[in-house]
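Input: a single structure, listed below in structure tokens.
The values are calculated or read from the model by the stated rules, or taken from the named source; none is laboratory data. No experiment lies behind these values; they were computed from the predicted model shown. Here Cβ is always computed from backbone atoms with ideal geometry, including for glycine, and neighbour counts include all displayed protein chains.
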Amino acid sequence: MVEQIRVMIVDDQRLLCEGFRELIELAPDLEVVGIASDGEEALSTVKCLAARQMAPHVVLMDVRMPHMDGIQATRAFKERWPEIRIIILTTFDDRELIQSGLQAGAQGYILKDITAEQLAMTIHVVAQGQFLLHPDVANKVIAAFSSAPDEPATTPGRPTSSGPSDVAALTEREREVLALLVRGASNREISESLYIASGTVKNHLSNILGKLGVRDRTQAALKAKELGLL
């Protein structure tokens, strides 16, 4: 039996929530366990679900909602249930919101114009502990990072700087993996593109994070752009 991934949808447009529910449940291993209209209701609902061992694995979170918006709710979720993965699902792609969402702890940021297949793929990727950004969002993040003035490496929230020797130590294969990562490719897509095993992809990613002195895929992509590696 396929293990179910439990999903919650948080959006103040009820009709939209029901539409997303139908799209999500087209995938046999995805199950919507709750719908909420704002951050406060989402927190209350998850508290009840957790008491029944039914807490969601992934939450799709809109940004602009009454009472408690998606950024505040994401921050509250990560404080109370750090194991729950948050995907920002919105129509807004301005840089400030993207930055706020990622800093609050979201593992994904996608736009509502995606297809059912893309939505299901994003949920699967984030449920596995990976990060995923909509291509338009990823481009804005990289553009914002590359145009920002130089700051000390100790700036809060910024990836730790890596030494030139570590960066130079990236192998040709690691650079290939990094290039695909920057484009938003999942581990599976990297594996298929480079014809290497998924375990090998994970090893390369671990090496890349260590050499760049960063903690996750998003920071690796930003660091690669900053250092002009691609």
Quiz item: If you check Phe92, Phe77, which single one turns out to be among the aromatic types (Phe, Trp, Tyr), buried (at least 19 other Cβ atoms within 10 Å of the Cβ) and closer than 21 Å to Thr122 by Cα?
Solution: Phe77
Quiz item: What pairs come up if the first residue lies in the stretch 192-216 and is at negative phi and among the hydroxyl-bearing types (Ser, Thr, Tyr), the second is surrounded by 13 or more Cβ atoms within 10 Å (Cβ to Cβ) and assigned to a loop (DSSP other than H, G, I, E, B), and their beta carbons are under 9 Å apart, counting only those six or more places apart or on different chains?
Solution: Ser193/Ala185
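Yes/no per residue for (1) in the same structural domain as Gln219 (by TED's automatic domain parsing); (2) more than 11 Å from the chain's Cα centre (by Cα); (3) farther than 22 Å from Asp29 by Cα; (4) not basic (Lys, Arg):
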site: Gln107; (1), (2), (3), (4): no, no, no, yes
site: Leu111; (1), (2), (3), (4): no, yes, yes, yes
site: Ala116; (1), (2), (3), (4): no, yes, no, yes
site: Ile123; (1), (2), (3), (4): no, no, no, yes
site: Leu132; (1), (2), (3), (4): no, no, no, yes
